[in-house]
Amino acid sequence: MTSSDSGRERILDAATRLFSALGYDGTSTRMIAEAAGLNIATVAYHVGGKRDLYLAVMERAHEVERGALEESIAEIDSGPEGLLDLVDAYVEFCLAHPEIPALWMHRWLSDATDVVHLEEQYVRPLMQLVTGAARAAVPDDGIDIEYVIWTVVWATHGFVCGGVLDAEGHRQGLANQESVARFRRHMRRTIALAIGVTGQARG
């Protein structure tokens, strides 16, 4: 990796942390430069302005997610068990890369409304990829497989970004291993029930 590549990655790492924590609208180029330990001119030289930074961050996040999904789809077995394994793999991916669900959650809350093409460019192709694999695994016409997949996305993003409240009203998230384990089990059981794999639902 050249020094230029290293500088760009350093900037994108800082931008990803800030955009995922504060959103596009809540983050300034100066904040990103300070987080990267650089000046604004250097940031602009390597990546560009704030919009350029955001586009680069979202493209990089998409490439990571797409690579993980393609690898998981290539490895799953056929049939409903394969779909459940794909759900497990997606949950694990989001747990390992919480910044990616956070970036999309901000967009769900009307962040970066002037950047309008990312869902069409990134979300739709991934949904088509996953729903295609899911339909091959569960060809039952009575199952709304697209909504099954969206259920996984909605729930996983919500848990990764917001966690759950315990009995005392304290928020428990990724740092609480018991909550994480419960969420993993819950998602597998939920999708097993949705596609009619009752044995897995009881697991």
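The values are calculated or read from the model by the stated rules, or taken from the named source; none is laboratory data. Computed from a prediction, not measured in an experiment: that's the story for all the values here. Reconstructed Cβ throughout: ideal geometry from the backbone, glycine too, with neighbour counts over all protein chains shown.
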>> Criterion first (over 25 Å from Arg107 (Cα atoms), exposed (fewer than 14 other Cβ atoms within 10 Å of the Cβ) and either modelled with pLDDT of 95 or more or of a type in the set (Phe, Trp, Tyr) (or both)) does Ala74 satisfy it?
In response: yes
>> Which count do you get for residues in segment 87-106 that are farther than 15 Å from Trp150 by Cβ and assigned to a helix (DSSP H, G or I)?
In response: 11
>> Please go through (1) more than 24 Å from Arg10 (Cβ to Cβ); (2) assigned to a loop (DSSP other than H, G, I, E, B); (3) not basic (Lys, Arg) for Asp111 and return the number of the only condition it doesn't satisfy.
In response: (1)
> Which one of the conditions (1) of a type outside the set (Phe, Trp, Tyr); (2) touching a residue at least 12 places away in the same chain (Cβ under 8 Å); (3) assigned to a helix (DSSP H, G or I); (4) surrounded by fewer than 14 Cβ atoms within 10 Å (Cβ to Cβ) does Ile149 fail to meet, given that it meets all the rest?
Replying inline: (4)
> Being in a helix (DSSP H, G or I), on the phi < 0 side of the Ramachandran plot, under 23 Å from the mean Cα position of the chain (by Cα) and surrounded by fewer than 15 Cβ atoms within 10 Å (Cβ to Cβ), is that true of even one residue in segment 31-51?
Replying inline: yes
> Where residues in segment 17-75 are of a type in the set (Ser, Thr, Tyr) and out of contact with any His (no Cβ under 9 Å at 6 or more places or on another chain), which of them is farthest from Leu118 (Cα to Cα)?
Replying inline: Thr42
>> Could you list, ordered by first residue, the pairs with Cβ atoms under 8 Å in which the first is in segment 1-27 and at positive phi and surrounded by 12 or more Cβ atoms within 10 Å (Cβ to Cβ) and the second is at pLDDT 95 or above and not aliphatic (A, V, I, L, M), at least 6 apart or interchain?
In response: Gly23/His106; Gly23/Asp111
